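All remarks here apply to the structure that follows.
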Amino acid sequence: MYNNGWGGWGGNYYNGGWGMMGGWDHSFLFGLMALAAPFVILFLLWSVVWKGLSLFHAARRGQYWWFMILLVVNTAGILDIIYLFFVAKLKWGELFSLHSHAGHEHNH
């Protein structure tokens, strides 16, 4: 055992005595990751659905600048929702419609 320079005593890297995390139980970290995994998956699904809808509608409307902005900027679906409901002015029932949008303008 030796003083690890971070205010604690510890052994080598393999027995948990290395650096500031010396003494942490690795099973705690794995448990925390296991608890977070479903939320991460839900977050990813949420983001992908809104991203897909916004990109689809921007492309269908010929709004290529919006398409590029929505493709590059990731805001957990927030910008995508703003685009769909406030810029494109779609109703909930139109989100999954494959029909052309009546009265849309082509903004290049």
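Throughout, read-outs are computed from the coordinates displayed, never taken from laboratory work. What you see is a predicted model, and the numbers here were worked out from it, not measured in a lab. Backbone-built Cβ (ideal geometry, glycine too); neighbour counts: all protein chains shown.
Couple of notes before you dig in:
- Filtering the range 35-44 to residues that are farther than 19 Å from N74 by Cβ and loosely packed, with under 10 Cβ neighbours inside 10 Å leaves L35, P38.
- Residue within the range 74-85 that is within 16 Å of S97 (Cα to Cα), buried (at least 18 other Cβ atoms within 10 Å of the Cβ), out of contact with any Gly (no Cβ under 9 Å at 6 or more places or on another chain) and among the hydrophobic types (A, V, I, L, M, F, W, C) present: yes
- Taken together, the residues in the range 58-93 that are part of a helix (DSSP H, G or I) and either among the aliphatic types (A, V, I, L, M) or closer than 20 Å to L44 by Cα (or both) amount to 16.
- Count of residues meeting criterion [of a type in the set (V, I, T) and in contact (Cβ under 8 Å) with a residue 12 or more places away in the chain] in the range 71-85: 1
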